[in-house]
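Structure first, commentary second.
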Amino acid sequence: MSTWQENVVTKEASTSQASGLDQAATLRSGPTRCLPSPPVPPLAIAAELFAALDAADIHYGIVQDPGSLPQALAGRDDIDMLLDKRDYMAFCAIMARLHGRRSVSLSCYDNVCDGREDWFVPDFSRSAYLHIDLHVGIRVGWEFRKRYLAFDYAAVAQWERLSVEGVTIPVASLEDEIRLTIGRFAFRLWGWPWTRWVVLPGDWEDHLAQLPFRSGEAGERVIECAGGGSGTISCRIRPNEGGIEVCRADLARLRHAIRHRCGYSRGSGLADATVHYIRKASYLSLRVLGRLWPGSVPAKRRASTGGLVVALVAPDGLGKSTQTDLLTRIFAWKLGCAQVYVGTGEGDGWWFRKALQNLLSPRRHQFKAVIQRDRKEPRGGAIGKVLAAGLALWAVLIAIERYGVVKRAHRWATRGLIVVCDRWPQTLRKGYLDGPMIQSDLPAVPGLAALARFEERLYHKMSECKPDLILHLVSDFSVSQSRKPGEISKEGFEARMSLMTELRALDKDIRVVDASGNTETITRVLFKQIWLSL
């Protein structure tokens, strides 16, 4: 046993008359063990969060493999946290102060059980967030039917301190970690009737020699797991190709003891299996449905406050598409997030419209020139009228597509998704910022006025579907030219910026973001604006 472990055990022995909670509180000030520096540094919010929990004397600990902690603290993995039930309200208060958000899931998902919650804490300096898998008592059972309370905070005999780049965290000792793992998988490890041993998931080869377990038969070791009442269940384990094998008969006794302690009989296993398979079938059906029709089912994790429609509006060259892609990837790591495109450029759209656009777009300016030339003739040219009708039909086709995208964005938001929209239609001025496209100075063609009214009606319907958050990216023309040279003229850029100013005068809730900085700086600002709106 290493020196730091001996110090922790000595301190625990000196306080053997104290309760489990007092022991944990005492161990907080004990020696710490430092893990190697991770390739990605921890998020700054991690140190702030755990310092706040320790300062509030909240009893908590991490019950996962310490080797995965560096990735978890960097916002790339989950943090499995066990919390004392009596400190839950204080924990929620700290999370509220740090802008933490809780998520909810459908009951058919495997991450849903009593006493378990998903919490997310943002780090605005890195445009990232921590994912905390919070357990107020660990419940075990079948994968989709975890209803037996097997462990609480006081059940962990020893907490140790780990330090990752200056972030110190209490973690369950290796012996307690194996005990928790055996309890978790007691209902999920199965073998043939004639097999005596089953493999416990995880890599334990390097740790077995350090464990102070009782020895059983040759090559076997014994770990004590809490059973019914004040008794314990002895589970025999042995190494096996880098892992651990557990005696199947001991797991059966442990399952029975856990059920009995929670007030259930052996017959409850049939109900567990039935509910498990029903929920798993529902889960698989939803997965297939979500693959076939994206956004048609609620996400596995979605903010408890509901979904959000976010619209990024800006002239060409200020980074709308880039920021939409980045924000979607950031939020979609754990939360339900989707991306939609409301323009007519290189983004997604109807295949028919995009194919037609690829054919006609190179000659669009030529068509407009013919229309304007024929309008000056006394009787008007037939070709100009045909082209004017064609452009009007084209504008109506785009309006119908945009209307469908706008309705879809709000429909997805009602299912809990964060929907990040590249552009958003407006009705204030025609021809700019995805507004109506049928101009009022077109030739007098039968039916053209009806098409214009139909397009206007569609855009008015879209204006009624206002996004929850509108973000205007603003900057100078020089910035647009440096990023996309020749994409837009100076007159067109200034016209769009002027229109955005008019839109902000009509809607005081629109927020302005300076798009002159680098990509990371802009992403941080946008990430913060969206997170605080959840």
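Residue pairs whose Cβ atoms lie under 8 Å apart, separated by 6 or more positions or on different chains, with the first residue in region 243-267 and of a type in the set (S, T, N, Q) and the second open to solvent by 20 Å² or more (accessible area, probe 1.4 Å), are S265/R259. Here D348 does not qualify as acidic (D, E) and at pLDDT 90 or above. Evaluated against (1) within 18 Å of D348 (Cα to Cα); (2) touching a Lys or Arg at 6+ places or on another chain (Cβ under 8 Å); (3) β-branched (V, I, T), V297 falls short on exactly one condition, (1). Could you tell me which residue of region 41-82 is farthest from the chain's Cα centre (by Cα), considering only residues that are assigned to a loop (DSSP other than H, G, I, E, B), of a type in the set (A, V, I, L, M, F, W, C) and buried (at least 20 other Cβ atoms within 10 Å of the Cβ)? Per the criteria, the residue is V63. In summary, E165 fulfils each of the numbered conditions (1) within 25 Å of V40 (Cβ to Cβ); (2) crowded, with 20+ Cβ neighbours inside 10 Å; (3) acidic (D, E) with the single exception of condition (2). Checking the condition within 17 Å of A155 (Cα to Cα), charged (D, E, K, R) and open to solvent by 30 Å² or more (accessible area, probe 1.4 Å), which residue from R86, R97, R126 passes? Only one candidate qualifies: R86.
Kindly indicate which of D422, D476, D468 is touching a Ser or Thr at 6+ places or on another chain (Cβ under 9 Å) and under 22 Å from W350 (Cβ atoms). Steps first, answer last, please.
Working: D476 fails: under 22 Å from W350 (Cβ atoms); D468 fails: under 22 Å from W350 (Cβ atoms).
So the residue among D422, D476, D468 that is touching a Ser or Thr at 6+ places or on another chain (Cβ under 9 Å) and under 22 Å from W350 (Cβ atoms) is D422.
In region 310-334, the residues that are among the basic types (K, R) form Cβ pairs under 8 Å with partners that are in a loop (DSSP other than H, G, I, E, B), at six or more places apart or across chains, as follows: K320/A314; K320/R423; K334/R301.
Counting only strands (runs of 3 or more DSSP E) that sit wholly inside region 83-200, those with at least 3 residues that are among the acidic types (D, E) are 116-123. Of the residues that sit in region 300-330 and are in a helix (DSSP H, G or I) and among the basic types (K, R), which one is farthest from L471 (Cα to Cα)? Ranking the qualifying residues of region 300-330, first place goes to R329. Return yes or no: is V164 at pLDDT 85 or above, under 30 Å from the mean Cα position of the chain (by Cα) and not basic (K, R)? Considered against the rule, which asks whether it is at pLDDT 85 or above, under 30 Å from the mean Cα position of the chain (by Cα) and not basic (K, R), V164 comes out as yes. Taking (1) open to solvent by 40 Å² or more (accessible area, probe 1.4 Å); (2) modelled with pLDDT of 90 or more in turn, S361 satisfies each apart from (2). Take the conditions (1) within 29 Å of the chain's Cα centre (by Cα); (2) at negative phi; (3) surrounded by fewer than 20 Cβ atoms within 10 Å (Cβ to Cβ); L318 misses just one of them, which is (3). For G295, the criteria (1) in a strand (DSSP E or B); (2) in contact with a helix residue (DSSP H, G or I) (Cβ under 6 Å, 6 or more places away or on another chain); (3) surrounded by 17 or more Cβ atoms within 10 Å (Cβ to Cβ) hold in every case but one, which is (1).
Condition check: in contact with a helix residue (DSSP H, G or I) (Cβ under 7 Å, 6 or more places away or on another chain), at pLDDT below 95 and either buried (at least 17 other Cβ atoms within 10 Å of the Cβ) or hydrophobic (A, V, I, L, M, F, W, C) (or both). Does V104 satisfy that? So that I can check it myself, show each step before the final result.
Values: in contact with a helix residue (DSSP H, G or I) (Cβ under 7 Å, 6 or more places away or on another chain): no; at pLDDT below 95: yes; either buried (at least 17 other Cβ atoms within 10 Å of the Cβ) or hydrophobic (A, V, I, L, M, F, W, C) (or both): yes.
In short, no.
Taken over region 242-279, the residue count meeting the criterion of being touching a Cys at 6+ places or on another chain (Cβ under 8 Å) and not hydrophobic (A, V, I, L, M, F, W, C) is 2.
Looking across region 238-274, the residues that are surrounded by 16 or more Cβ atoms within 10 Å (Cβ to Cβ) and of a type in the set (V, I, T) come down to I244, V246, I258.
Are any of the residues in region 135-153 closer than 28 Å to Y283 by Cα, without any contact (Cβ under 8 Å) to a residue 60 or more places away in the chain and open to solvent by 50 Å² or more (accessible area, probe 1.4 Å)?
yes
The values are calculated or read from the model by the stated rules, or taken from the named source; none is laboratory data. This structure is a prediction, so every number in the text was calculated from the model and none was measured. As a convention, Cβ positions derive from the backbone with ideal geometry for all residues, glycine included, and neighbour counts pool all protein chains shown. When the accessible area is computed, the model is the full protein with side chains, heavy atoms only, and any ligands, DNA or RNA have been set aside. Shrake-Rupley method; radii C 1.70, N 1.55, O 1.52, S 1.80 Å.
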